[in-house]
1. Give the angle, between 0 and 90 degrees and rounded to the nearest 10, that separates the Cα long axis of helix 200-210 from the longest principal axis of the Cα atoms of the chain.
2. Shape verdict for the chain, please, from the Cα gyration tensor: rounded (a/c under 1.5), prolate (a/b greater than b/c) or oblate.
3. Which net charge results when you count Lys and Arg as +1 and Asp and Glu as -1 among the other residues whose beta-carbon is under 13 Å from that of Ser176?
4. Leaving ligands and nucleic acids out of the surface, order Asp39, Asp121, Asp32 by accessible area at 1.4 Å, largest first.
5. At 7 Å along the Cα-to-beta-carbon direction for both Leu172 and Arg124, put a label point, then send me their distance in nm to one decimal.
6. Expressed as an acute angle from 0 to 90° and rounded to the nearest 10, what is the orientation of the C-alpha long axis of helix 55-70 relative to the principal long axis of the chain?
7. Taking only protein heavy atoms and a 1.4 Å probe, what accessible area per residue, in Å², does the chain have with all protein chains in place?
8. Between Ser52, Val382, Tyr98, whose Cα lies farthest towards the positive end of the dipole of the chain when Lys and Arg beta carbons carry +1 and Asp and Glu beta carbons carry -1, centred on the Cα centre?
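The values are calculated or read from the model by the stated rules, or taken from the named source; none is laboratory data. In this text, all values refer to a predicted model and were calculated from it rather than measured experimentally. Methodologically, a virtual Cβ is constructed for each residue, glycine included, from the backbone with ideal geometry; neighbour enumeration extends over all protein chains shown. All accessible areas refer to the heavy atoms of the entire protein, side chains included, with ligands and DNA or RNA removed. Shrake-Rupley method; radii C 1.70, N 1.55, O 1.52, S 1.80 Å.
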Amino acid sequence: MEGRLEQAAALGQKDKGPAFISLINEIISRSDQSTVARDIPTLVGFVVNQESVGLVVGRQVLSELVRIVGDGTISDPEVRKRVVQETIETTQPKIVSYEEQVSNLRFQLADIYENEEEWSDAARVLMGIQLDSNQRSLPDGEKMRVYVRIVRLLLEEEDSVQAESYFNRAQLLVHSTTDKETLLQFKLCQARISDYSRKFLEAASRYHELSFVADIDEEERRHMLMAAVTAAVLAPAGPNRSRVLASLYRDERTTELPTYNILSKMFLDHILRPTEIKEFEGTLKPHQLAKIAISSNDRVATSTNDEEIDTRSDPPISTRTAPATVLDRAVMEHNLLASSKIYHNISFRGLGALLDLTPGAAENMARKMIEQGRLRGTIDQVDKLIWFEGNHEEDDAQGKAGGLGEVEEAEDTGAPFTKRWDAQIRITAANVESIVQHLTERGLVRVPVQA
């Protein structure tokens with residue numbers, strides 16, 4: 001082999017390139033493919049390192065090798081992978097002279113790793129490509145395509161931290177491309193990073209938006225719709241999540257999903273039972289089942305609250321002081337919000353029994369939700385009660401819809417419970433009037449005519 005290489009190097013400058021290329025074709029066409037992975041790197045090392053060959057000939061030979069390997073001339077995938085790997089290693093010290101050829105080989109090696117589902121190896125190979133070098137300048141659209149591909153590979157490996165750093169680079173170049181496929185992959189990566197970062201509301205909205213894109217395969221759209229439902233269920237309870245749940249609940253496609261039951265119960269503010277939660281838990285990914293640590297402030301607040309509550313005569317049902325997982329927290333906050341639609345007030349102990357928490361931990365969770373504006377209510381620490389405030393913004397509209405017309409507002413006595421009682425009477429009377437009107441229109445009720 002060495003003699004053939006020396007003979008080719010001794011030829012004139014015009015004949016050197018064709019001679020080395022002819023030798024490459026001869027090696028690759030051998031019936032014994034096991035020698036290909038040995039001799040091709042030897043030839044590449046000779047061409048790259050021998051000064052007598054020259055840079056122009058070296059680039060010509062390497063470019064032809066890149067083309068031959070890319071065309072699939074080497075039938076054995078394992079031999080092809082070894083050839084590409086060893087060629088990259090051989091030419092890496094001379095990367096300044098052969099940057100374009102090495103970059104193309106890295107793209108080919110990334111394709112090989114991706115086909116083998118070696119996601120982290122494929123991402124690592126792409127990271128080694130110099131996208132901002134002085135020797136070779138790539139357009140911004142091409143850079144973004146590479147960054148998005150790296151993000152996608154890292155997310156397959158569930159390395160969300162490194163994926164986010166490359167996503168931020170791609171985000172700076174998002175306006176430089178009009179390629180539909182690249183932009184769709186970018187949006188999907190954006191949704192998945194929000195999911196991994198536990199920004200579930202944002203992830204749910206993005207997944208739901210993508211589920212309507214006609215260019216995406218129908219099965220993939222169904223998968224994105226299911227991911228949107230899962231993210232919405234795991235999102236923090238409150239008005240923002242209610243809007244996302246409403247949007248998903250009204251989407252007719254969600255009725256065919258296995259998670260529709262928990263979606264409908266959350267939208268309708270029904271309290272979730274352990275059996276339903278266990279069934280839903282089986283559909284979650286590992287990062288959605290991550291353990292969450294209780295903060296030192298919450299730990300102190302919970303222990304202080306529990307010490308103030310007399311547990312000697314009536315010990316609490318649960319000894320848990322905080323939710324253990326993301327799903328635990330989402331379900332507890334939902335059940336707390338749902339209970340506010342059922343009860344006017346609830347004791348710390350009763351809420352703890354409902355949420356499977358100690359009374360102090362239940363009070364702490366309610367306090368945080370009230371502070372964040374996700375729950376309307378007040379805490380009475382003297383009587384150990386949480387008072388819920390209903391949303392009566394639609395009361396007047398509901399009263400008028402029942403046929404009572406303009407309802408005179410009651411005198412403001414400053415007593416919230418008297419006003420709530422009056423509002424309930426007004427709503428009930430309006431609903432009865434609406435039912436009577438509906439029955440009369442159908443001829444099921446006769447209104448007596450006065451003589």
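1. 70 degrees
2. On the way: a/c = 3.83, a/b = 2.58, b/c = 1.48.
Cα axes put the chain in the prolate bin.
3. Around Ser176, the charge tally is 0.
4. Working: Asp39 10, Asp121 40, Asp32 80 Å².
In descending accessible area the options line up as Asp32, Asp121, Asp39.
5. Result: 2.6 nm between the two label points.
6. In the chain, helix 55-70 runs at an angle near 50 degrees to the longest axis.
7. Here the residues of the chain average 55 Å² of exposed surface.
8. Ranked along the dipole, the leading option is Ser52.
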